[in-house]
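Notes follow once the structure below has been shown.
What follows draws every value from the coordinates through simple rules; no lab data is involved. Given the structure is predicted, the values throughout are model-derived calculations rather than measurements. Every residue, glycine among them, receives a Cβ derived from its backbone with ideal geometry; neighbour counts consider all protein chains shown.
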């Protein structure tokens, strides 16, 4: 096939995921360019939209792989949206990334689609703390800041008094919070399923270190390859599709009432899952672009 010109939007070329995407693209004969999306700016014109870099319009690309950090979602997706306007095919569309970064919105969409979730309550300046605790079945429970990532802003409250204290403290910060049931039977483990275009290409089980309930690898968790059940595989694919993501890391927990989705990540890290499974995930993403990249093919139809 004709070599593709692929743009990777990433803050640093040295990051593992970015480096692997560049390597995989070169191995398959494509031209890969990495640009820090915060250094791009836009000419928003009706008949000649452009994305500018160092005083010049970006050259034409066939596809773009967005690696947008959660702290720069607004600007990063604005740049990606401008590239979509110019006809560049995105591995993940800007609207889908914005949707996945809104924890409440994404959970509401997943619930509407009938996808298994932990029992979840949402509140802002809640006065009825007891009612919120009872909503998720009492303690122990997990309290999450709506803006937290990589396990930050997540607290396990073992007792009602602890839950009242944590919820009260977050209320003093004027922070919106999610309160979820604690899936004790998961034993501090969860599953990361890597989905590429309606197919799970790799899956690992992550286990929290002793004394910790968060299994994030950034927090010292360990990971190994895992075989998914058909229901878990279907849940991961449906979750990614529901949010409109072609490439997604779907975090699943095994509960007594089946697999439940914790989060759907639109810029999943590749280091942990490639190391744990031995799967060339970066190559799978490039292969997806080879098959689907066409000009002006952006067409997000997900409601909500």
**Q.** Additional length obtainable on full extension of the chain from residue 16 to residue 31, 0.36 nm per residue less Cα span
**A.** 3.5 nm
Q. By how many degrees, between 0 and 90 and to the nearest 10, does the Cα long axis of helix 281-292 differ from the longest principal axis of the chain?
A. 60 degrees
**Q.** Cα-based convex hull volume of the chain per residue, rounded to whole Å³
**A.** 140 Å³
Q) Mean residue ellipticity at 222 nm from the helices of the chain, using -39,500 (n - 2.57) per DSSP H segment of n ≥ 4 over the full residue count, to the nearest 500 deg cm²/dmol? A) -9500 deg cm²/dmol
Q.
Starting from the 7 Å offset along Cα-to-Cβ, what nm value, one decimal, do you get for the label separation of residue 162 and residue 175?
A. 1.6 nm
Q: Given the options 253, 204, 42, state which has the largest fluctuation in a GNM of the chain using a 10 Å cut-off (strictly under) for Cα springs.
A: 42
Q | Relative contact order %, the stretch 5-91, counting alpha carbon pairs below 8 Å whose residues are six or more apart | A | 33 percent
(Q) Using Cβ counts within 10 Å as a stand-in for footprinting exposure, how do 263, 27 rank, fewest first? (A) 27, 263
**Q.** Computed lengthening from residue 71 to residue 225, 0.36 nm per intervening residue step minus Cα-Cα distance
**A.** 52.5 nm
Q. Taking the Cα atoms only, what angle lies between the long axis of helix 160-172 and the longest principal axis of the chain, rounded to 10 degrees?
A. 50 degrees
Q.
At 0.36 nm per residue, and after removing the present C-alpha to C-alpha distance, how many nm does the segment from residue 130 to residue 108 gain when stretched out fully?
A. 5.6 nm
Q. So how tilted is helix 16-27 from the main axis of the chain? Cα-based, degrees 0 to 90, rounded to 10.
A. 40 degrees
**Q.** By average C-beta atoms within 10 angstrom, highest first, the peptides 172-182, 49-59
**A.** 172-182, 49-59
Q. How much of the calculated P(r) for the stretch 5-91 lies past 15 Å, in percent of all Cα pairs?
A. 56 percent
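Would you mind getting me the FRET efficiency between residue 38 and residue 234? Use the beta-carbon distance for r and R0 = 41 Å, nearest 0.05.
Numbers: r = 38 Å, r/R0 = 0.92.
For R0 = 41 Å, the calculated efficiency reads 0.65.
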Q. So, in nm, how far is label residue 294 from label residue 50 when the simple model puts each one 7 Å beyond its Cα toward the Cβ?
A. 2.9 nm
Q) So for the chain: antiparallel DSSP bridges make up what percent, rounded to the nearest 5? A) 80 percent
Q: Residues in the stretch 128-146, backbone N under 16 Å from the label point at residue 256 (7 Å along the Cα-to-beta-carbon vector): list them, ranges by number please.
A: 136-141
